Amino acid sequence: MSFFTDKVIWITGASSGIGEALVYALSEKNARIIISARRIEELQRVKDNCKFNTHNIVLLPLDLSEVQELSVKAREAIAVFGKVDFLFNNGGISQRALAGETPLELDRKIMDINYFSHVAITKAVLPSMIKMGGGNIIVTSSVNGKCALPFRSAYAASKHALHGFFESLREEHFKDNVKVLMVLPGFIKTNLTLNALTKDGSAFNEMGQGQQKGLLAKDFAHQLLAAIEKDKKEVYIGGSDILILYIKRFLPTLYYKIIRKVKTV
């Protein structure tokens, strides 16, 4: 029996990348899974691609930018199986634009999708977790949640904000057995860069060099599930790129020399 067998798992951003890989990995472990993203046809594609346990995979489309609607979606998610044991706050969007050229409304949009949506969903799910004696909240941050790089000001801000909120939440509710895991991916081979927003709100439509050479999403998913089983509080998953986190902490002068030389767009 798997650690995740019969557990109810809700994954946002489940139609591509990390979220999609998590669906496949967890379906093999006989979990009961609620999958969410904007496009129901893509959610259906993900479900159809699962080879295991498809009768326990439920589609719940939502738009993370519609923050005011997410508490309703959370109630719908809880109603599917009567609870949520694991909440994967995973959906999000990146950015490729200079801070000074990014309109404030675009900063707000990125914050809504990457930060406020996860806060709204978590606040709606939290009371049920406390009532049933605990739960697990997994938050997809980024290396940019600790190392802000050029052309990602709003993206980095949203990821930094996640750490502030969820690390506080962890301490507030550790006696309620509500566990919080902050996940910092390095370069993962997904469409994150392709879909990143430019200064006019259009998609960047280029695959970043880091993403091209990044860790496969399926390998990321398996490493993340292993970290959950080990009750980690924070985990870095990627290749040699995650070394930048340690360089910034212990060798800050070297860190600034590095990021000012590397191609970051």
### Task
Scan 79, 124, 99, 148 and give me the residue that is among the small types (Gly, Ala, Ser), under 16 Å from residue 36 (Cα atoms) and touching a helix residue (DSSP H, G or I) at 6+ places or on another chain (Cβ under 6 Å).
124
### Message
Which numbered condition in (1) under 25 Å from residue 20 (Cβ atoms); (2) among the polar types (S, T, N, Q); (3) modelled with pLDDT of 95 or more; (4) in contact with a strand residue (DSSP E or B) (Cβ under 9 Å, 6 or more places away or on another chain) is the only one that residue 212 fails?
### Response
(3)
### Task
Output the residues belonging to segment 221-256 that are within 30 Å of residue 174 (Cβ to Cβ), exposed (fewer than 14 other Cβ atoms within 10 Å of the Cβ) and touching a strand residue (DSSP E or B) at 6+ places or on another chain (Cβ under 8 Å).
231, 233
#### Entry: Count of segment 47-68 residues which are exposed (fewer than 14 other Cβ atoms within 10 Å of the Cβ), over 17 Å from residue 30 (Cβ atoms) and either charged (D, E, K, R) or within 19 Å of the chain's Cα centre (by Cα) (or both)
1
#### Entry: Those residues of segment 1-23 which are surrounded by fewer than 19 Cβ atoms within 10 Å (Cβ to Cβ) and either in contact (Cβ under 8 Å) with a residue 40 or more places away in the chain or not in a loop (DSSP other than H, G, I, E, B) (or both), in sequence order
3
### Task
Please work out which one of (1) over 28 Å from residue 222 (Cβ atoms); (2) charged (D, E, K, R); (3) within 15 Å of the chain's Cα centre (by Cα) is the condition residue 200 fails and give its number.
(3)
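Yes/no per residue for (1) of a type in the set (Asp, Glu); (2) out of contact with any Gly (no Cβ under 9 Å at 6 or more places or on another chain):
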| residue | (1), (2) |
| --- | --- |
| 171 | yes, yes |
| 200 | yes, yes |
| 207 | no, yes |
| 217 | no, no |
| 226 | no, yes |
| 247 | no, yes |
| 252 | no, yes |
| 256 | no, yes |
### Task
Considering only segment 152-193, state which residues are over 23 Å from residue 97 (Cβ atoms), touching a residue at least 24 places away in the same chain (Cβ under 8 Å) and among the hydrophobic types (A, V, I, L, M, F, W, C).
165, 166, 169, 178, 180, 181, 182, 183
### Query
Could you list, in sequence order, the residues of segment 24-42 that are surrounded by fewer than 23 Cβ atoms within 10 Å (Cβ to Cβ), in a helix (DSSP H, G or I) and not hydroxyl-bearing (Ser, Thr, Tyr)?
25, 40, 41, 42
### Query
Taking residue 218 and the conditions (1) farther than 26 Å from residue 110 by Cβ; (2) exposed (fewer than 13 other Cβ atoms within 10 Å of the Cβ), which numbered condition does it fall short on, given that it satisfies the others?
(2)
#### Entry: strands (runs of 3 or more DSSP E) fully within segment 57-151 counting 2 or more residues that are touching a residue at least 24 places away in the same chain (Cβ under 8 Å) and not β-branched (Val, Ile, Thr)
86-89, 135-140
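The values are calculated or read from the model by the stated rules, or taken from the named source; none is laboratory data. For clarity, every value in this text was computed on a predicted model and none was experimentally measured. With ideal geometry, Cβ positions are generated from the backbone for all residues, glycine too; neighbour counts draw on all protein chains shown.
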